[in-house]
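The values are calculated or read from the model by the stated rules, or taken from the named source; none is laboratory data. Owing to the predicted nature of the structure, the values given are computational and were not obtained by experimental measurement. Here the Cβ positions follow ideal geometry from the backbone for every residue, glycine too, while neighbour counts run over all protein chains shown.
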Amino acid sequence: MAAPTGKKPSPLTHFDASGAAHMVAITAKPETPRMAVAEARVRMSGATYKQIEAGRIGKGDVLGVARLAGIGGAKQTSTLIPLCHPVRVTAVEVGFELLPELPGVRVWATVHAHDRTGPEMEAMQAATTAALTIYDMCKAMDRSMEVESVRLLEKAGGKSGHWQRGQ
């Protein structure tokens, strides 16, 4: 849709020239393979970290449950983020790195899709949902935990090509 006369288009694609929020039109874009990687970190007490590392949380396999939650979160992104398109997700991988120096857990998520727009939001949603699940399952022993550093690490595909943090 063209901008109203006398107004410049917004540089932010989710807003029109008058400032109204709208879903970006992707109809004319080709469907291509796309990929995104994101991470989140869960900072916790040393005692909580040791319990997770030893697999001794009373509620069960914290990281296993968080992995499933992250996968489910990726699949629900367009329902949770109002202007996200439903993306045809073809694979979701959620993993964890125990970081004794934090202390805590680095959660990473890789999402593959074949669509007209990329799965960056799905990757960030997966990492965030998994991190929040770790918090939820461990909050009884450590209410001071923090979910931090949710960020996109890499994306590939589409017109803008490949991007990687730090390059």
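Filter the stretch 126-140 for residues that are among the small types (G, A, S) and in contact with a helix residue (DSSP H, G or I) (Cβ under 6 Å, 6 or more places away or on another chain); which is surrounded by the fewest Cβ atoms within 10 Å (Cβ to Cβ)? Walk me through how you get there before you give the answer.
Step one: of the stretch 126-140, the residues among the small types (G, A, S) are 126-127, 130-131, 140.
Then drop every residue that is not in contact with a helix residue (DSSP H, G or I) (Cβ under 6 Å, 6 or more places away or on another chain), which leaves 126, 130.
Details: A126: 33, A130: 31.
Going through the qualifying residues, I end up with A130.
Against the test of being among the charged types (D, E, K, R), surrounded by fewer than 18 Cβ atoms within 10 Å (Cβ to Cβ) and part of a strand (DSSP E or B), the options R151, R143 yield a single qualifying residue, R151.
Conditions tested, residue by residue: (1) within 15 Å of the chain's Cα centre (by Cα); (2) at pLDDT 95 or above; (3) over 24 Å from A21 (Cβ atoms).
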site	(1), (2), (3)
G55	no, no, yes
A66	yes, yes, yes
W108	yes, yes, yes
M141	no, no, yes
V150	yes, yes, no
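Being at pLDDT below 80 and out of contact with any strand residue (DSSP E or B) (no Cβ under 6 Å at 6 or more places or on another chain) is the requirement here; does K29 meet it? Yes, satisfied. In the stretch 95-117, the qualifying residues are those that are aliphatic (A, V, I, L, M) and in contact (Cβ under 8 Å) with a residue 60 or more places away in the chain, and the one that is surrounded by the fewest Cβ atoms within 10 Å (Cβ to Cβ) is L102. If P82 satisfies all but one of (1) within 18 Å of the chain's Cα centre (by Cα); (2) surrounded by 20 or more Cβ atoms within 10 Å (Cβ to Cβ), what's the number of the condition it fails? Status for P82: all satisfied but (2).
Scanning the stretch 44-83 for residues that are among the aliphatic types (A, V, I, L, M), out of contact with any Asp or Glu (no Cβ under 8 Å at 6 or more places or on another chain) and free of Cβ contacts under 8 Å to residues at least 60 places away in the same chain yields A54, L68, I71, L80, I81. Scanning the stretch 3-26 for residues that are at pLDDT below 65 and outside any loop (DSSP other than H, G, I, E, B) yields a total of 0.
Quick check on D115: is it at pLDDT below 95 and among the charged types (D, E, K, R)? Spelling it out, D115 is indeed at pLDDT below 95 and among the charged types (D, E, K, R). Beta carbons closer than 8 Å, at least 6 apart along the sequence or on distinct chains, never pair a first residue in the stretch 127-144 that is in contact (Cβ under 8 Å) with a residue 40 or more places away in the chain and of a type in the set (K, R) with a second that is surrounded by fewer than 24 Cβ atoms within 10 Å (Cβ to Cβ) and not in a helix (DSSP H, G or I).
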